[in-house]
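Take a look at the structure below.
No lab work stands behind these numbers, since they all come straight from the coordinates. Because the structure is a prediction, the values reported are computed rather than measured. Positions of Cβ are generated from backbone atoms using ideal geometry, with glycine treated the same way; all protein chains shown enter the neighbour counts.
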Amino acid sequence: MKAGTMEITPKRRTRETYLKGAVRRLKRDKAAVGGCVIIAVLLILAIFAPFTTPYDPVKQHYDELLLSPSLAHPLGTDQYGRDLLTRIVFGCRYALLIGVGVVAIQLAVGVTLGLVAGYYGGFVDSVIMRITDVMLAIPSVVLAVAIAGFLGGGIQNVIIAVGAIGWRAYTRLVRAEVLSAKEEPFVEAARAIGCGSMRVILCHILPYTLAPVIAYTSLSVAVAILWAAALSFLGLGAQPPTPEWGAMLADGREFMTDAWWIATFPGIAIMITVLGFNFFGDALRNALDPKMERRLR
Amino acid sequence: MVLVPVLFIVTILISSLMYLSPGDPVRVMLGFRAHEEAVAKIRAELGLDKPYYVRYLKWLGNIARGNLGRSLQRNEDVREMIRERLPATLEMAVFAVIVAVLLAIPTGVISATRVNTFIDNVVSFFSLFWISMPGFWIAMISVMLLSMKLNLFPISGRAGPPWTVEGLRYLALPGLILGIRQVAIISRLIRAGMLEILNEDYVRTARSKGLAERIVIYKHALRNAMIPTVTIFGLQIPELLSLSVIIETVFAWPGTGRLLVDAVLKRDYTLVQGIVLVYALLVILMNLIVDLLYAYIDPRIKHE
């Protein structure tokens, strides 16, 4: 066995280089930088939406119906004469709101259940794991459609519906991390100096599980935005005239033949956004989990 | 997946879905100006005047005997409605799986054997793009370009069983869109699995004893790479059915997915419960099939 001091010194050094290494790997990764830029632009557009274009996202102009893209309206206008670019810019707000809201719910439910299942084990663990299996048995959109429908539509209910179905991955992720953390000497040490279960879970085990959880959040924001857009498209989410991208596509569907821009640009907006979070999420996962990077290359 | 407890929790979940409705579900269903009598009648029909566990057990007893109740909006037998629509959904799903397998295996193998070349990068980039596009939007754009502009495919609907030419023509576009989505996911998995396996000793052995590269790749490497892929593919089945709900809606495909969306929009609670249950059973059944596939791909599993 190595002496105690020998153990501690290399540990601390790997911890520092781990974070630094993660940042270094992120900066080097072109996809990560690209994803970061997309997310930053999205944030700026969402915050400064009213100042980006001279038009109103909701007010209807009956003398400007279905105008094709031009200098005045770079992405054209919709069937109510509203500037499409303005609506898409305002849509950033909803996309981010949905992404953050959904992931917050998923984290709250998923991480809590994962911590409890992993830490206590036994009967509690098997009950929680059976519940996650159920989430696996019912197709996510089927369940989300049912939940959103029963709750009665609207953005808030879409966030709840999508949040209610996607937490499974977090539970499994955190549970696995907790199981390996429980074997570590630092948990034993915490218990030995008399920490209660709550303290051990929150102060010692939770931080240990964070890296894979953080890596996964960006990817699940991407999935959340896709699902929420789909629900809105089905008429169960954001209701017109809300400038939400999925609802805009549903709204513009009838005019697809005459006005291709209505059916095209909101979809591109969704794609770029999701691509940004996917790029960033992939890179984040590789950066936080160097083993995986080596394995894949 | 442990079947019985999972099914048990599924039924509890489905039977309590109705409680999500804000306020009285019957009021919501009939509208707020409905007559008190009508409300009372429906409530008695649904058994809403009894406590939850009584209703749950009664419902459980009914579904155990294959009775899914009657549609609240159309007063038809839910089981019959689902049985009418299910073949269309299954047919699209099976078509998509075939497309996915036929395209994903070569793409995954090609990108794994030519790592970091132009082809590999194109495939990776395309997959990421495809995964980032909303399925319903791909469907809309395809209809706009391929059906409306180029007249290659019918716009929507279903013409008949897939073994007729007309039926296949209508199935092709929605089935392809559903399948290519899976290609993007599966080919990445095969690539990752192959990359790991191509470094194994037995692959080097196979090469050094002079086997043709084709045999090394397809017989030694691919077969082993398929094991984790089949696992993920099993997990991917619910995703496929999820997307099919949306694709069915875009293409007016007369399957259970569209029935579900209609039922939800019309607040037809019994129909929604029936469909969700059927989807859950479908996923569980397909997972069983995947488990059987393991034994075929990996003979070691049979011996255990």
For region A:218-228, in order, what is each residue's ³J(HN,Hα) by Karplus, 6.51 cos²θ - 1.76 cosθ + 1.60 with θ = phi - 60°, in whole Hz (x at glycine and Pro)? 4, 5, 7, 4, 4, 5, 4, 5, 4, 5, 5
In nm, what is the difference between 0.36 nm times the number of residues separating A:L65 and A:I193 and their Cα-Cα distance? 38.9 nm
Quote the relative contact order of chain B in percent (integer), defining contacts as alpha-carbon pairs under 8 Å separated by 6+ residues. 24 percent
Within region A:120-157, find all residues whose amide N lies under 17 Å from a label point positioned 7 Å from the Cα of B:K266 along Cα-to-beta-carbon. A:146, A:149-150
What is the mean number of Cβ atoms from other protein chains located within 10 Å of the Cβ atom of each residue in peptide B:134-145, rounded to a whole number? 6
Size of charge dipole - region B:135-197 - debye, nearest 20, with Cβ of Lys, Arg +1 and Asp, Glu -1, no other charges: 100 debye
Along region A:82-90, Karplus-curve 3J(HN,Hα) (6.51, -1.76, 1.60; θ = phi - 60°) to the nearest Hz, with x for Gly and Pro, reads 8, 5, 5, 4, 4, 5, 5, 4, 5
Geometric extent, Cα atoms of region B:175-280 - Rg, Dmax (angstrom): 20.4, 66
Summing -39500 (n - 2.57) over every DSSP H run of at least 4 in the protein assembly as shown, dividing by its residue total and rounding to the nearest 500, the 222 nm mean residue ellipticity is -24000 deg cm²/dmol
Picking from B:S111, B:V101, B:G47, whose Cα lies most toward the positive end of the charge dipole for region B:17-113 (charges on Cβ: Lys, Arg +1; Asp, Glu -1)? B:G47
Along the Cα-to-C-beta direction of B:Y218, a point sits 7 Å from the Cα; which residues of region B:113-136 have their amide N less than 16 Å from that point? B:113
Shielding of B:250-259 by partner chains, average beta-carbon count, 10 Å: 1
Average beta carbon contacts from partner chains per residue of A:267-276, 10 Å cutoff: 4
Could you tell me which GluC sites (Glu not before Pro) in region B:32-127 are loop residues by DSSP with no more than 15 other beta carbons within 10 angstrom of their beta carbon? B:E76
How big is D for chain A, in µm² s⁻¹ as a whole number, if Stokes-Einstein is applied with the Kirkwood radius of its Cα pairs at 20 °C and 1.002 mPa s? 100 µm²/s
Rg (one decimal) and Dmax (whole number) from the Cα set of region B:38-181, in Å, equal 22.6, 69
